[in-house]
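Visitor: Before I ask anything, here is the structure I am working with.
The values are calculated or read from the model by the stated rules, or taken from the named source; none is laboratory data. Quick caveat, the model's predicted, so the values are computed rather than measured. Here the Cβ positions follow ideal geometry from the backbone for every residue, glycine too, while neighbour counts run over all protein chains shown.
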Amino acid sequence: MPAIVHALQIAQEQMGVVRSAETLLRMNQKQGFDCPGCAWPETDKRHIAEFCENGAKAVAEEATIRRIGPEFFAEHSVADLQRHDDWWLGQQGRLTHPMIKEAGATHYTPISWDDALDAVATALRGLDDPNEAVFYTSGRASNESAFLYQLLVRGLGTNNLPDCSNMCHESSGSALGETLGVGKGTVSIEDVHDADLLIVAGQNPGTNHPRMLSALEKAKQRGARIVAVNPLPEAGLQRFENPQTVKGLIGGGTAMADRFLQIRLGGDQALFQALAKHLLEAEDRTGGVLDHDFIAEHTSGVDEFTAGVRALSWAEIETATGLAEDDIRAVGDELLASKSTIVCWAMGLTQHPHAVATLRDVVNLLLLQGNVGRPGAGVCPVRGHSNVQGDRTMGIWEKPPAAFLDALDAEFGFSAPREPGHDVVDAIRAMRDGRTKVFMALGGNFVSATPDTEVVEAGIRSTELTVQVSTKLNRSHVVTGRRAIILPVLGRTDRDRRGGREQRVTVEDSMSAVHASRGRLAPPSDDLLSEVAILARIAQRTFRDRPGSPRADWAGLEEDYARIRGHIERVVPGFDDFEERIAGGRTFVLPNGPRDARSFATSTGRARFTANPVEYPRIPEGRLLLQTLRSHDQYNTTIYGKDDRYRGIHGGRRVVLVNPDDVIALGFAEGDIVDLVSEWTGPDGVLQLRRAPEFRVVGYSTPRGNAAAYYPETNVLVPLDSVAAVSNTPTSKSVIVRLERR
Ligand SMILES: Nc1nc2c(c(=O)[nH]1)N[C@H]1C(S)=C(S)[C@@H](COP(=O)(O)OP(=O)(O)OC[C@H]3O[C@@H](n4cnc5c(=O)[nH]c(N)nc54)[C@H](O)[C@@H]3O)O[C@H]1N2
Ligand SMILES: Nc1nc2c(c(=O)[nH]1)N[C@H]1C(S)=C(S)[C@@H](COP(=O)(O)OP(=O)(O)OC[C@H]3O[C@@H](n4cnc5c(=O)[nH]c(N)nc54)[C@H](O)[C@@H]3O)O[C@H]1N2
Ligand SMILES: [Mo]
């Protein structure tokens, strides 16, 4: 009930009653638009209201009737806007007019579309080296706009395509690509419904993927067992009250997790190895545990893996995880009893120094019982942004595979660069070192979302030009290069009329299902362009009379997005008959070797067991290991409100959650105001300090030595060079801090 009330309250504040109804009833419907919230899939049978509280808030944020145009920017100088936080900036409303801040100017001033797009193209054409430009993408971009964007960038001659995924599921992609041959999950929504056992580790679905709870509930009704692995007792995983059912609304709801392992931050790799150890020991005793046929026929490297696991001691496992052997073995018994197991995870596993090794061990555990490529079993990295997975499929990637580039070259008659480009962390290093002249972003909030805020802000300020293609104002519009351009854009919910007809775009969900999305609302201004139109026009201007550029009918692509889908069909495998397969609201699923045929495109041609020495964080005396996470009232850097209802926190986001015994042991009391000081020793052996001021200490259930606080307020504490091995993902869930009295 509070979820429904809260969602409708925000919807009405932002959109009014009629527009709220019009909008919410079209969300996730077959002829409607895809929720811009998360990437959890819809089932084939839709409810009348097919959305969650946080999806409704995400939509209200975009479909708001508040507007900011030239008068707003005349009233507020850039310096003035910098004094406001992301919450206030977002509250001001939708951007309606292209704006420019000239070098040395104090204010943004209006500019015509033609002049704005010319200015961008002129800057790109004027670069001595295309690698002096960086092109960021956030995961809301549609397949069509992502495809055009990467074509523009590669046509210019660089692979500098960092994206939000670098900070998100890059570790998953790295581990799964190596071991299974595909950097995505291997399960469908039906598999989730049919699983015997679901392990949900490092994820808070009650807030971040609420519709996933309906799928877990369905699995439970069919007899599945659920294990939650988390340092925090997250509300949605303990008990779920499904708003779609009467029992959910007035009854007590469904008890979700059958078991809860309250693990220490970063202890998961040891846990997954321990579970494998339990299976091996059971196999030794009784046999019949491992899937020997699968292992023999489809995998490589099992002996190296099992040797490492057998050598691991329970003492070390208990230290790493903070869990008792018996509790781990009880979950091991769940695995023994299960005929089909799925492991789901999100940021709690991906944002650690040893994230990739942890995820390799998730794969190892599943492979032992043949839990890949059969019904009800597999890996399920739960994606964040609604089209982050699709953007990768479309080539938003700083390390594009050669086959993709070859197909691109053939389709557009040019030669795409082969040299890998910058990911997010390398892009920031390049800016810091003065190697970047132009920074462009297709959505997102680079300045707030990235680690080491002060370094990023200085880096951005050192560029000549920043260009933001955005729906709403955020910190990345007020911390800028010498010149800055804002290109306001249509969002998912807006009607998009081009070439005399309504256009639709496509997206790919977390389970590789592709479908169309069509906005239906009157756009905030008649003057707004779509992402596709903006990118096509920039490309046309940039490549005019430029030899060696991709050959495309840019104007034609803008008039009819089906033509872009035609190109996608010829470049990206799995999109045959694209247009037909999305007609009438239909969905199709992209090919997935492991899931479809137990075929694994890895270096050994088989699913790879890997041997990974156990790693876990060592927390120095008197310090805490801090994870930076989301509240129930935010969407990444977009803050809806200052409460976190499920965790019982109200009226302020600058809080640090600490085990009550640690609060006392460290000499503080609940309610004290402290600074968080991060301590990190760089590769040169020098201790670096970073400070986030004025946090309220809250006693909370989390393992001793661990703490939690919200992102993005704490990004200033995350050192740029503290990254996960292999994936280069910032270690946002593993920051050593001390509390300092104000
Ligand atoms: N409403 C809403 N929905 C969203 C988003 C949003 O901000 N708001 N963001 C979207 C995006 S981009 C993403 S990536 C997803 C993020 O979805 P989540 O990954 O659920 O988001 P976080 O808040 O980062 O939560 C991390 C969870 O992992 C746990 N955790 C942290 N460290 C560890 C660890 O070492 N081990 C284990 N086992 N658990 C750990 C935390 O306690 C927390 O429950 O959500 C997407 N959906
Ligand atoms: N400390 C810490 N840092 C983190 C994380 C963490 O857990 N801890 N999580 C990381 C993760 S998982 C992610 S995914 C990143 C998120 O990083 P980003 O994706 O960069 O950030 P968002 O806050 O999702 O971006 C929101 C902005 O996107 C724009 N926008 C919204 N819709 C549209 C649209 O349809 N088109 C266009 N062009 N623009 C639009 C709006 O201007 C809005 O302000 O942050 C990462 N940073
Ligand atoms: Mo994400």
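Visitor: Quick check on region 194-211: of everything there that is more than 16 Å from ligand 2 (Cβ to nearest atom) and within 23 Å of Phe272 (Cα to Cα), which residue is surrounded by the most Cβ atoms within 10 Å (Cβ to Cβ)?
Guide: Among them, the one singled out is Ala195.
Visitor: Checking Leu625 against (1) more than 25 Å from Gly443 (Cβ to Cβ); (2) surrounded by 20 or more Cβ atoms within 10 Å (Cβ to Cβ); (3) in contact with a Phe, Trp or Tyr (Cβ under 8 Å, 6 or more places away or on another chain), which test does it fail?
Guide: (3) is the only condition that Leu625 fails.
Visitor: Among the candidates Arg608, Arg586, which residue alone is under 27 Å from the mean Cα position of the chain (by Cα) and surrounded by fewer than 18 Cβ atoms within 10 Å (Cβ to Cβ)?
Guide: Details: Arg608 fails: surrounded by fewer than 18 Cβ atoms within 10 Å (Cβ to Cβ).
Only one candidate qualifies: Arg586.
Visitor: Would you be able to say whether some residue in region 460-469 is within 21 Å of Asn387 (Cα to Cα) and either within 16 Å of ligand 3 (Cβ to nearest atom) or at pLDDT below 95 (or both)?
Guide: So in region 460-469, the residues within 21 Å of Asn387 (Cα to Cα) come out as 468-469.
The next check asks that each one be either within 16 Å of ligand 3 (Cβ to nearest atom) or at pLDDT below 95 (or both); those that pass are none.
No, every residue in region 460-469 fails to be within 21 Å of Asn387 (Cα to Cα) and either within 16 Å of ligand 3 (Cβ to nearest atom) or at pLDDT below 95 (or both).
Visitor: May I ask you to verify whether Ala601 is part of a helix (DSSP H, G or I) and outside the structural domain of Glu53 (by TED's automatic domain parsing)?
Guide: Details: part of a helix (DSSP H, G or I): no; outside the structural domain of Glu53 (by TED's automatic domain parsing): yes.
When the stated conditions are applied, Ala601 does not pass them.
Visitor: Next up: Just to confirm my filter: which helices (runs of 4 or more DSSP H) fall fully inside region 333-428 and include at least 3 residues that are more than 16 Å from ligand 2 (Cβ to nearest atom)? Even if it seems obvious, please write down each step before you answer.
Guide: Values: elements: 347-350, 355-368, 388-393, 402-412.
Qualifying helices (runs of 4 or more DSSP H): 355-368, 402-412.
Visitor: Could you list, in sequence order, all residues of region 677-704 that are in contact (Cβ under 8 Å) with a residue 60 or more places away in the chain and buried (at least 17 other Cβ atoms within 10 Å of the Cβ)? Before the answer, list the steps.
Guide: Kept after step one, since they are in contact (Cβ under 8 Å) with a residue 60 or more places away in the chain, are these residues of region 677-704: 677, 690, 700-704.
The answer is Val677, Arg690, Tyr700, Thr702, Pro703.
Visitor: Please work out if Thr122 is away from ligand 3 (no atom under 16 Å from the Cβ), β-branched (Val, Ile, Thr) and part of a loop (DSSP other than H, G, I, E, B).
Guide: Answer is no for this residue.
Visitor: Checking Ala377 against (1) closer than 30 Å to Leu625 by Cα; (2) touching a Leu at 6+ places or on another chain (Cβ under 8 Å), only one condition comes out false. Which one?
Guide: It is condition (1) that Ala377 fails.
Visitor: Being more than 16 Å from ligand 1 (Cβ to nearest atom), among the aliphatic types (A, V, I, L, M) and in contact (Cβ under 8 Å) with a residue 24 or more places away in the chain is the filter here, so list the residues in region 12-58 that pass it.
Guide: Answer for region 12-58, where residues must be more than 16 Å from ligand 1 (Cβ to nearest atom), among the aliphatic types (A, V, I, L, M) and in contact (Cβ under 8 Å) with a residue 24 or more places away in the chain: Met15, Leu25, Ala49.
Visitor: Hey, another quick one. Which condition number in (1) within 16 Å of ligand 3 (Cβ to nearest atom); (2) assigned to a helix (DSSP H, G or I); (3) closer than 30 Å to Gly652 by Cα is the one that Gly139 fails?
Guide: If we test Gly139 against (1) within 16 Å of ligand 3 (Cβ to nearest atom); (2) assigned to a helix (DSSP H, G or I); (3) closer than 30 Å to Gly652 by Cα, just (2) comes out false.
Visitor: Considering only region 49-85, state which residues are in a helix (DSSP H, G or I), surrounded by 20 or more Cβ atoms within 10 Å (Cβ to Cβ) and more than 16 Å from ligand 3 (Cβ to nearest atom).
Guide: Initial filter on region 49-85 (in a helix (DSSP H, G or I)): 53-63, 70-75, 78-82.
With surrounded by 20 or more Cβ atoms within 10 Å (Cβ to Cβ) added as a condition, the list becomes 53-63, 73, 81.
Residues satisfying the conditions are Glu53, Ala56, Lys57, Val59, Ala60, Glu61, Glu62, Ala63, Phe73, Leu81.
Visitor: Okay, next question. For region 117-141, enumerate the residues that are within 16 Å of ligand 2 (Cβ to nearest atom), of a type outside the set (S, T, N, Q) and in contact with a helix residue (DSSP H, G or I) (Cβ under 7 Å, 6 or more places away or on another chain).
Guide: To start, the set of residues in region 117-141 that are within 16 Å of ligand 2 (Cβ to nearest atom) comprises 117, 120, 134-141.
Checking the rest, the ones that are also of a type outside the set (S, T, N, Q) come to 117, 120, 134-136, 139-141.
Hits for region 117-141 are Leu117, Val120, Val134, Phe135, Tyr136, Gly139, Ala141.
Visitor: Taking region 726-738, which residues are crowded, with 24+ Cβ neighbours inside 10 Å and over 18 Å from the mean Cα position of the chain (by Cα)?
Guide: Val735, Val737
Visitor: Can you name the condition, by its number, that Gly185 falls short on among (1) surrounded by fewer than 24 Cβ atoms within 10 Å (Cβ to Cβ); (2) outside any helix (DSSP H, G or I); (3) within 16 Å of ligand 3 (Cβ to nearest atom)?
Guide: Only one criterion is unmet by Gly185, namely (1).
Visitor: Also, quick follow-up: Test Gly671 against the stated conditions and say whether it is out of contact with any helix residue (DSSP H, G or I) (no Cβ under 6 Å at 6 or more places or on another chain), in a loop (DSSP other than H, G, I, E, B) and modelled with pLDDT under 95. Walk me through how you get there before you give the answer.
Guide: Numbers: out of contact with any helix residue (DSSP H, G or I) (no Cβ under 6 Å at 6 or more places or on another chain): yes; in a loop (DSSP other than H, G, I, E, B): yes; modelled with pLDDT under 95: no.
No: the conditions fail for Gly671.
Visitor: Look at region 432-447 and say how many of its residues are out of contact with any strand residue (DSSP E or B) (no Cβ under 7 Å at 6 or more places or on another chain) and either surrounded by fewer than 24 Cβ atoms within 10 Å (Cβ to Cβ) or closer than 20 Å to Trp397 by Cβ (or both). Spell out how you get there, then give the answer.
Guide: Quick first cut of region 432-447, residues out of contact with any strand residue (DSSP E or B) (no Cβ under 7 Å at 6 or more places or on another chain) only: 432-435, 445, 447.
This time we only want the ones that are either surrounded by fewer than 24 Cβ atoms within 10 Å (Cβ to Cβ) or closer than 20 Å to Trp397 by Cβ (or both), so: 432-435.
So the count comes out to 4.
Visitor: Further question on the same structure: Which of the residues spanning region 144-164 are outside any helix (DSSP H, G or I) and either closer than 15 Å to Glu132 by Cβ or among the aliphatic types (A, V, I, L, M) (or both)?
Guide: Gly157, Thr158, Asn159, Asn160, Leu161, Pro162
Visitor: With respect to the numbered conditions (1) buried (at least 18 other Cβ atoms within 10 Å of the Cβ); (2) at pLDDT 95 or above, which one is the sole condition not fulfilled by Pro591?
Guide: (1)
Visitor: OK, next. Given Asp423, Asp452, Asp406, which one is of a type in the set (Asp, Glu), within 16 Å of ligand 3 (Cβ to nearest atom) and not assigned by TED's automatic domain parsing to the domain that holds Gln351? Spell out how you get there, then give the answer.
Guide: Values: Asp452 fails: within 16 Å of ligand 3 (Cβ to nearest atom); Asp406 fails: within 16 Å of ligand 3 (Cβ to nearest atom).
Within the list Asp423, Asp452, Asp406, the selection yields Asp423.
Visitor: Another one. When you go through (1) surrounded by fewer than 20 Cβ atoms within 10 Å (Cβ to Cβ); (2) within 15 Å of ligand 1 (Cβ to nearest atom); (3) modelled with pLDDT of 95 or more one by one for Gly223, which number turns out not to apply?
Guide: Going through (1) surrounded by fewer than 20 Cβ atoms within 10 Å (Cβ to Cβ); (2) within 15 Å of ligand 1 (Cβ to nearest atom); (3) modelled with pLDDT of 95 or more one by one, Gly223 breaks only (2).
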